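Worksheet: one structure, shown below.
We did not get these values from a lab; they are worked out from the coordinates using the rules stated. Keep in mind the model is a prediction, meaning the values are calculated, not measured. Here Cβ is always computed from backbone atoms with ideal geometry, including for glycine, and neighbour counts include all displayed protein chains.
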Amino acid sequence: MAAAMASARADWQPCPAVLSQSDAPAPASDAQWELLLSPYTHHWSYSPQHRPVILGALERHMAGGHLCGLALFRNSFGQPATYVYLGQEWQGLLGQPKLSAKISAGLIYGYRNQYQDKIPFNNYGVAPAIIPSLSYAFTPHDSGQMMLLGTAGVLFAYGHRF
């Protein structure tokens, strides 16, 4: 029984098995994880209710440009929030090897009480989200990213792959 549990732990993948291919080659950069940190979000319109948005996220990158991730952040109204997502990344955008695009889709939890209506389709604090982004690689492991937050604004982040 203990051996079976140890084997199950060794085979565990944080992303859906449907996206993971154990015999597929690793991404070209050999980077499978990316840590994202964002100290700043620009809102398209000013509101005295807006607070600084701080974000930390961890993504797993797989063969074929597939990815999944978890972001923990303080939303624009100072509430703790979470974004769980799947996505796709395209490297070498417009023939530029350092430029890439990414799109993620998932669920956001955390816009509650009087701020529930600040994001569309929010039921019980959970709402669907689609977030496109652009990235520029400064080094093979470090990048700057801009994530479009719909009609709310744009989030700027630093990414480190390992």
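Quick look at the numbers
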quantity: Relative exposure of Leu107, Leu36, judged by other C-beta atoms within 10 Å (fewest first); calculated: Leu107, Leu36
quantity: Tyr124 paired with Ala105, simple spin-label distance in nm, labels 7 Å along Cα-to-beta-carbon; calculated: 2.2 nm
quantity: Taking the range 110-159 and dividing mean pair separation by its residue count, relative contact order in percent (alpha carbons under 8 Å, at least six apart); calculated: 22 percent
quantity: Whole-Hz ³J(HN,Hα) from phi, Karplus 6.51 cos²θ - 1.76 cosθ + 1.60, for the range 41-47, glycine and proline x; calculated: 10, 9, 8, 5, 10, 6, 9
quantity: Fraction in percent of alpha-carbon pairs per bin - 5 Å, the range 28-161; calculated: 2, 10, 20, 25, 18, 12, 8, 4, 1, 0
quantity: Sparse-neighbourhood loop sites, chymotrypsin sites (Phe, Trp or Tyr not before Pro) in the range 27-93 - DSSP loop, at most 16 other Cβ within 10 angstrom; calculated: Trp44, Tyr46
